[in-house]
1. Find the centroid of the Cα atoms in the stretch 4-53 and in the stretch 59-93, then give the distance between the two in whole Å.
2. Just name one of LEU134, ALA60, ALA91: the one whose Cα is farthest towards the positive end of the charge dipole of the chain (beta-carbon charges, Lys/Arg +1, Asp/Glu -1).
3. If packing is taken as the average count of other Cβ atoms within 10 Å, what order do 123-134, 58-69 fall into, highest mean first?
4. If a paramagnetic tag sat 7 Å from the Cα of ARG102 along the Cα-Cβ line, which residues of the stretch 1-42 would have the backbone N under 19 Å from that point?
5. Looking only at PRO57, PRO110, PRO94, which one moves most when the chain is put into a Gaussian network model with springs between Cα atoms under 10 Å?
6. When the accessible area of the stretch 21-133 is split by element with a 1.4 Å probe, what percent falls to carbon and sulfur?
7. Using helices alone, I'd like the mean residue ellipticity at 222 nm for the chain: each DSSP H run of four-plus residues gives -39500 (n - 2.57), total over residue count, nearest 500.
8. Looking at the chain, I'd like the Rg to Rh ratio, where Rg is from alpha-carbon atoms and Rh is Kirkwood's inverse mean 1/r.
Amino acid sequence: MRSCDDLFFDVVSQIHLPRWSLGRVALVGDAAYAPSFFSGQGSGVALVGAYLLAGEPATAPGHPEAFAAYERTARDFVELNQALALKGSAAISPRTEEALLRRNRALRDPAHLPGVDGRAASSALPLPDYAKIL
Ligand SMILES: Cc1cc2nc3c(=O)[nH]c(=O)nc-3n(C[C@H](O)[C@H](O)[C@H](O)COP(=O)(O)OP(=O)(O)OC[C@H]3O[C@@H](n4cnc5c(N)ncnc54)[C@H](O)[C@@H]3O)c2cc1C
């Protein structure tokens, strides 16, 4: 940091919206519910959202029902994964020298890595098989 000439500095944010669609427009992924990289789940959550947003219009009578089903199915899953960011930030971005040393020790010994909680959240939503429904 002291010697580089292109230091990048930014805030880490999440997106929380009261609803993910309006009229014929629906949001997906980071635009609707970015969990931040502290969760490690942004890509997975975005893919699950995209899968549901592609599948629901194919099976629902119209886009209002499809968008409502998309949000009803995914919202708890999304919020569970967003909550991981509040636990995970200590590992990714330690705030004290002691926490940094603890994190680095854990990285050198994968047996001490956290992760079981994260895996539970990432597989918390059984996806509908639209091929069978259609
Ligand atoms: C530093 C960092 C580390 C991360 N680490 C992880 C990780 O380890 N694991 C993980 O799962 N996730 C991680 N993420 C999060 C992950 O990258 C995002 O959650 C994920 O990419 C969201 O996908 P998305 O398709 O919703 O949005 P994006 O991937 O941002 O895609 C949006 C696309 O839309 C394009 N676009 C924007 N405006 C317009 C426009 N007007 N017209 C046309 N195109 C437009 C953009 O160029 C972009 O290509 C990380 C993110 C960051 C920033």
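1. Cα centroid of the stretch 4-53 versus Cα centroid of the stretch 59-93: 10 Å apart.
2. Working it through, the farthest residue towards the positive pole turns out to be ALA91.
3. So the peptides 123-134, 58-69, ranked by packing, come out 58-69, 123-134.
4. Inside the label zone: 38-39.
5. PRO110
6. Ligands and nucleic acids excluded, carbon and sulfur give 60 percent.
7. That comes out to -17500 deg cm²/dmol.
8. Looking at the chain, the ratio lands at 1.09.
The values are calculated or read from the model by the stated rules, or taken from the named source; none is laboratory data. These numbers come from a predicted model, not from an experiment. Here the Cβ is made from the backbone with ideal geometry for all residues, glycine too, and neighbour counts use every protein chain on show. Heads up: the accessible areas ignore ligands, DNA and RNA and are worked out on the full protein's heavy atoms, side chains in. Shrake-Rupley method; radii C 1.70, N 1.55, O 1.52, S 1.80 Å.
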